[in-house]
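The next block holds one structure in the form of structure tokens; read it before the comments.
The values are calculated or read from the model by the stated rules, or taken from the named source; none is laboratory data. For clarity, every value in this text was computed on a predicted model and none was experimentally measured. For neighbour counting, all protein chains shown are included, and Cβ atoms are generated from backbone atoms with ideal geometry for every residue, glycine included.
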Amino acid sequence: MKKISNVFWITLAIVFVAVAFGFITPNRFEGITDNIQAFITSTFGWYYLILVTIILIFCIFLIFSPVGLIKLGKPDEEPEFTKASWFAMLFSAGMGIGLVFWGAAEPLSHFLAPPLAEGGSTAANKEAMRYTFFHWGIHAWAIYAIVALALAYYKFRKDEPGLISATLKPVFGKSMEGPLGTVVDVLAVFATVVGVATTLGFGAAQINGGLSYLIGIPNNFLVQFIIIAIVTVLFMISASTGLGKGIKYLSNTNMVLAIILFALMFFIGPTILILDMFTDSLGGYIQNIINMSFRIAPLNEDHRSWINGWTIFYWAWWISWSPFVGIFIARVSRGRTIREFMIGVLLLPTLVSFLWFATFGTSAIETQKSGIDLTQFATEEVLFAIFNHMPGSIILSIIAILLVSTFFITSADSATFVLGMQTTYGSLTPPNNVKLTWGIAQSTVALILLYSGGLQGLQNALVIAAFPFSFIILFMMLSLYRSLTKEKKELGLYFKPKRKEKKA
């Protein structure tokens with residue numbers, strides 16, 4: 001059997017054309033992506049909101065359903081990784097750079113320009129934290145969870161190839177082994193390349209911002225090019241060591257650095273206020289989750305623009321990352337039950353994200369309220385500007401740069417494995433030359449997006465790449481429902497045990 005599939009060559013060709021177009025005519029490339037992104041968000045914003053809410057409801061249903069007892073693997077299989085390592089790996093892959101990049105910047109932005117309240121007010125403070133929790137909360141992890149569950153279930157329990165197309169066989173049958181299946185996998189791989197490249201772009205910008213603020217290095221494309229080139233070499237070395245060694249070691253390193261940075265910020269910052277804001281924001285999030293899940297503001301142009309730029313962008317980001325994160329989480333979740341898997345993936349990372357944003361977001365808003373104007377700094381420099389007004393600012397900045405760098409390597413490392421797997425017929429040991437190719441490709445896409453449109457270019461690419469894959473997620477849910485319903489009957493799993501017939 002051929003080792004490299006057609007998906008590899010087709011997707012690589014698409015990526016090459018996009019990169020060439022962005023390099024030759026960057027302004028035109030930016031203009032076209034701007035227009036496509038605007039069309040998708042204005043025309044299909046309602047679709048994104050409804051889709052992601054349906055995904056969340058389906059995940060919650062699976063937790064309480066009898067199918068939650070079904071194991072992702074054979075009945076006697078045990079989990080490959082400890083719960084601590086499992087959590088560290090899925091968290092590092094799932095959020096990573098984004099937490100550091102947006103940890104202080106997003107709550108601050110919402111505080112100054114909230115969707116409903118008056119900017120800078122007490123109401124804006126509460127709304128800022130509530131919406132940040134919403135964007136990084138259970139909805140995001142539900143998207144990851146459903147894709148990961150489908151892949152793990154069909155790969156480890158049904159012995160199907162570890163491909164996105166294989167999860168759709170219960171709906172489309174044998175056609176998934178032909179051209180239609182190739183189209184599905186190409187869309188998944190392309191969404192992954194763009195999703196990961198976008199995050200790498202954010203990471204390079206943040207590292208550059210930190211170095212610029214710390215030691216005066218220019219904050220420009222040339223420096224970001226050098227950063228991406230260096231990190232590309234590092235994550236390719238890591239990828240060649242294999243999943244068990246490289247990614248596990250880096251994920252654990254990430255967690256240690258993240259805990260250190262979090263603890264320092266928590267105790268140096270306004271500790272009691274952070275705890276108060278966490279509690280209050282969690283309550284506000286739970287109280288308003290339904291309203292926020294469906295709010296599209298059709299009669300308020302400014303509010304609708306805010307939702308397009310934030311909520312729809314985030315839902316697209318999570319969707320575009322879901323093939324990559326889903327495949328990776330599936331790979332490290334073998335042997336766990338569906339219920340254990342869903343609870344672990346949905347709740348633990350969500351609570352940690354909330355604590356993170358409560359800590360960094362509250363510190364950012366309080367710094368702004370103290371009279372220090374943080375709006376003068378670029379998004380990627382905000383965190384370091386806050387550090388500058390705290391004890392031990394140099395140490396905090398160094399840890400943050402190291403954390404972004406290791407998150408950068410972990411995300412790219414994991415992505416090269418996933419892309420290699422998806423383009424070698426689902427192989428769990430893709431060749432190093434394939435992983436090398438994808439490593440270079442995703443770094444090149446990140447550079448082109450930064451070159452042609454900066455951070456806005458990154459956001460445009462995400463929304464565009466996520467749109468076609470969102471329909472695939474819908475069919476994945478339908479496929480899962482059919483298969484799990486069938487297996488539930490075969491195993492005799494019910495909400496209530498059937499009554500035994502009385503003997504005559």
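Going by the structure shown, is F387 buried (at least 23 other Cβ atoms within 10 Å of the Cβ), touching a Ser or Thr at 6+ places or on another chain (Cβ under 8 Å) and within 21 Å of I143 (Cβ to Cβ)? Give the derivation first.
Details: buried (at least 23 other Cβ atoms within 10 Å of the Cβ): yes; touching a Ser or Thr at 6+ places or on another chain (Cβ under 8 Å): yes; within 21 Å of I143 (Cβ to Cβ): no.
Criteria not met by F387.
Out of L51, L116, one residue alone is touching an Asp or Glu at 6+ places or on another chain (Cβ under 8 Å), surrounded by fewer than 20 Cβ atoms within 10 Å (Cβ to Cβ) and in contact (Cβ under 8 Å) with a residue 24 or more places away in the chain. It is L116.
I'd like the residue in region 119-140 that is closer than 15 Å to I54 by Cβ and hydrophobic (A, V, I, L, M, F, W, C) and, out of all such residues, is surrounded by the most Cβ atoms within 10 Å (Cβ to Cβ). Give the derivation first.
Looking only at region 119-140, we keep the residues that are closer than 15 Å to I54 by Cβ, and these are 138-140.
Then keep just the ones that are hydrophobic (A, V, I, L, M, F, W, C); that gives 138, 140.
Values: I138: 22, A140: 28.
Out of the qualifying residues, it is A140.
For region 205-216, name all the residues that are touching a Ser or Thr at 6+ places or on another chain (Cβ under 9 Å) and either on the phi > 0 side of the Ramachandran plot or buried (at least 24 other Cβ atoms within 10 Å of the Cβ) (or both). Matches in region 205-216: A205, Q206, I207, G209, G210.
For region 16-37, what are the residues that are surrounded by 13 or more Cβ atoms within 10 Å (Cβ to Cβ), touching a residue at least 12 places away in the same chain (Cβ under 8 Å) and either more than 16 Å from F469 (Cα to Cα) or of a type in the set (D, E, K, R) (or both)? Answer for region 16-37, where residues must be surrounded by 13 or more Cβ atoms within 10 Å (Cβ to Cβ), touching a residue at least 12 places away in the same chain (Cβ under 8 Å) and either more than 16 Å from F469 (Cα to Cα) or of a type in the set (D, E, K, R) (or both): A18, V19, G22, F23, P26, F29, E30, T33, D34. Taken across region 68-81, residues that are assigned to a helix (DSSP H, G or I) and either polar (S, T, N, Q) or loosely packed, with under 13 Cβ neighbours inside 10 Å (or both) do not occur at all. Among residues that are in contact with a His (Cβ under 9 Å, 6 or more places away or on another chain) and surrounded by fewer than 24 Cβ atoms within 10 Å (Cβ to Cβ), L168 is not included.
Filtering I296, I343, I365, I290 for residues that are farther than 26 Å from F384 by Cβ, assigned to a helix (DSSP H, G or I) and in contact (Cβ under 8 Å) with a residue 24 or more places away in the chain leaves a single hit, I343. Taking (1) touching a Cys at 6+ places or on another chain (Cβ under 9 Å); (2) surrounded by fewer than 24 Cβ atoms within 10 Å (Cβ to Cβ); (3) among the hydrophobic types (A, V, I, L, M, F, W, C) in turn, M342 satisfies each apart from (2). Consider region 213-225. How many of its residues are part of a helix (DSSP H, G or I) and at pLDDT below 85? Of the residues in that region, 3 qualify.
Within region 371-383, identify whether any single residue is part of a loop (DSSP other than H, G, I, E, B), more than 30 Å from T232 (Cβ to Cβ) and of a type in the set (S, T, N, Q), and answer yes or no. Walk me through it before giving the result.
Initially, region 371-383 is screened for residues part of a loop (DSSP other than H, G, I, E, B), giving 371-373, 377-378.
When the remaining residues are screened for being more than 30 Å from T232 (Cβ to Cβ), the result is 371-373.
Imposing the further condition that a residue be of a type in the set (S, T, N, Q) reduces the set to none.
Checked against the condition, which is being part of a loop (DSSP other than H, G, I, E, B), more than 30 Å from T232 (Cβ to Cβ) and of a type in the set (S, T, N, Q), region 371-383 yields no hits at all.
Any chance region 428-445 includes a residue that's hydroxyl-bearing (S, T, Y), modelled with pLDDT of 90 or more, over 19 Å from V19 (Cα atoms) and surrounded by fewer than 22 Cβ atoms within 10 Å (Cβ to Cβ)? Among the residues of region 428-445, not one is hydroxyl-bearing (S, T, Y), modelled with pLDDT of 90 or more, over 19 Å from V19 (Cα atoms) and surrounded by fewer than 22 Cβ atoms within 10 Å (Cβ to Cβ), which makes the answer no.
Any chance region 123-141 includes a residue that's assigned to a loop (DSSP other than H, G, I, E, B) and polar (S, T, N, Q)? Can you show your working first?
Going residue by residue through region 123-141, those that are assigned to a loop (DSSP other than H, G, I, E, B) are 136-137.
Now restrict to residues that are polar (S, T, N, Q): none.
No: region 123-141 contains no residue that is assigned to a loop (DSSP other than H, G, I, E, B) and polar (S, T, N, Q).
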